[in-house]
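The values are calculated or read from the model by the stated rules, or taken from the named source; none is laboratory data. Small disclaimer: the values here were computed from a predicted structure and weren't measured. Positions of Cβ are generated from backbone atoms using ideal geometry, with glycine treated the same way; all protein chains shown enter the neighbour counts.
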Amino acid sequence: IQWDYVLEMDPDRHELRKRYEKAFREESVEYDFNRWKSRHFSITYPPGVLPAVRSTVASVLDRAYIDIGRTLGGIYPPQPIYVVLYTAEQFTEATRLEGHIGAVYDGKIRSPLTDGNGAWLSQEELRRRLVHEYVHVAVRSIAGDKVPWWLNEGLAEALSRTFENDDAARLRELYASGTVYSFSQLSGSQVSSKNPEALRIAYLQSHAAVDLLWKRFGRARMMTFLRSLSSGMNTAQAFQSAYRRKLEDFEWDLAAAFQ
C-alpha cells in the first residue's frame, strides 16, 4: 500500500491512519531483523538471537501446530503462519502494549524473548506464551473474529497450561469476595485494556470456564460452539445450540464449582 499517497488524498480515514502508524512502528523496529522458515512458520527475529533459541521457538511452534490441531479435531491453519520475536523493549516499542501483556496475536504471533530486565525467558515460559498465541491462530481459522474474549482467551489458556490447584483456590477466594465478572463483561476486546490485576482475574475466570466446559462436555460440543459462532449466531445462541442449555445457567454452574 502506498500509505503516504492514500493518506494525503483522504486524511480523514482514521482506521487507515492507525494501520499506517502501526506498520510504521513495526518497520522501524524490525527493519534489520533476520528471517527463517520452519515447517509451518515464517519467523522474524532480531540480530543477536542464538541459533539454539531460534530452533527452540521453531520446535515449540511446529509441535503446537500438530498437537493443537489434533486436540481441536483436525484444525490446521493455512501456512506459513507469521511470527515476530523481539526483546522486551522492542516488543513494547512495536506493539505499544503495556509490560504486563506477555505476547499478542494480531495476524502475526508477536512475542518477546526476554523479560523487562533483559534476561532470556525460561524455556517453559516461552513455550507457554507461544502456544497460547498459536491457539488464537487456530481459533481464528475456525470462527474468525466472532469469538467472545472469554472463550478465545479461555481456550488459549486451557490449551497452553494446566488449571492448577492454586488457580482453583484463588478463584474460590474471588467468588467468595464477589470480585468476579459476568460473561457479558468478558465478551469484548476492551477486556484487554483492564489493569493488570483485573486482567489476571479475567484470564483466570475464562480459563476455568473453558476447562469446565471441556471436561464436562468434551471437544465435540466445544467445536459445535465455535462453528455456531462462525455461522453468525451470537454467543448465547451458539452456546444454546452446542450445549442445549442457557449461557446464564452455565455461569451459575461455574460459580457453584468454586464456592
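Residues in the stretch 125-177 that are touching a helix residue (DSSP H, G or I) at 6+ places or on another chain (Cβ under 8 Å) and of a type in the set (D, E, K, R): R127, E133, K146, E153, E157, R161, D167, R170. Criterion first (without any contact (Cβ under 8 Å) to a residue 24 or more places away in the chain, part of a helix (DSSP H, G or I) and under 21 Å from the mean Cα position of the chain (by Cα)) does S206 satisfy it? Taking the combined requirement at face value, the residue does not satisfy it. Condition first: touching a residue at least 24 places away in the same chain (Cβ under 8 Å) and part of a helix (DSSP H, G or I). Now tell me which residues in the stretch 169-187 satisfy that. Matches in the stretch 169-187: R170, L171, R172, L174, Y175, A176, F183, L186.
Taking the stretch 102-150, which residues are farther than 30 Å from L247 by Cα, in a loop (DSSP other than H, G, I, E, B) and not hydroxyl-bearing (S, T, Y)? Selection gives K108, L113, D115, G116, N117, G118, A119, L121. Being in contact with a Lys or Arg (Cβ under 7 Å, 6 or more places away or on another chain) and either surrounded by 20 or more Cβ atoms within 10 Å (Cβ to Cβ) or among the polar types (S, T, N, Q) (or both) is a condition met by at least one residue of the stretch 156-168. Given the residues D166, D115, D106, which is the only one that is free of Cβ contacts under 8 Å to residues at least 24 places away in the same chain, outside the structural domain of A209 (by TED's automatic domain parsing) and of a type outside the set (S, T, N, Q)? One residue alone meets the criteria, D106.
Just to be sure before I move on: is S206 in the same structural domain as G178 (by TED's automatic domain parsing), surrounded by fewer than 16 Cβ atoms within 10 Å (Cβ to Cβ) and either touching a Phe, Trp or Tyr at 6+ places or on another chain (Cβ under 8 Å) or under 16 Å from A156 (Cα atoms) (or both) in the structure I sent? No: the conditions fail for S206. Quick one: is Y86 farther than 30 Å from E251 by Cα, surrounded by fewer than 17 Cβ atoms within 10 Å (Cβ to Cβ) and touching a residue at least 12 places away in the same chain (Cβ under 8 Å)? It is false that Y86 is farther than 30 Å from E251 by Cα, surrounded by fewer than 17 Cβ atoms within 10 Å (Cβ to Cβ) and touching a residue at least 12 places away in the same chain (Cβ under 8 Å). Annotation note: Cβ proximity below 7 Å between a residue of the stretch 56-78 that is assigned by TED's automatic domain parsing to the domain that holds T224 and modelled with pLDDT under 95 and a residue that is part of a helix (DSSP H, G or I) and aromatic (F, W, Y) (sequence gap 6+ or interchain) occurs for no pair. Restricting attention to the stretch 181-193, the residues that are crowded, with 18+ Cβ neighbours inside 10 Å and either out of contact with any Phe, Trp or Tyr (no Cβ under 9 Å at 6 or more places or on another chain) or under 25 Å from L126 (Cβ atoms) (or both) add up to 1.
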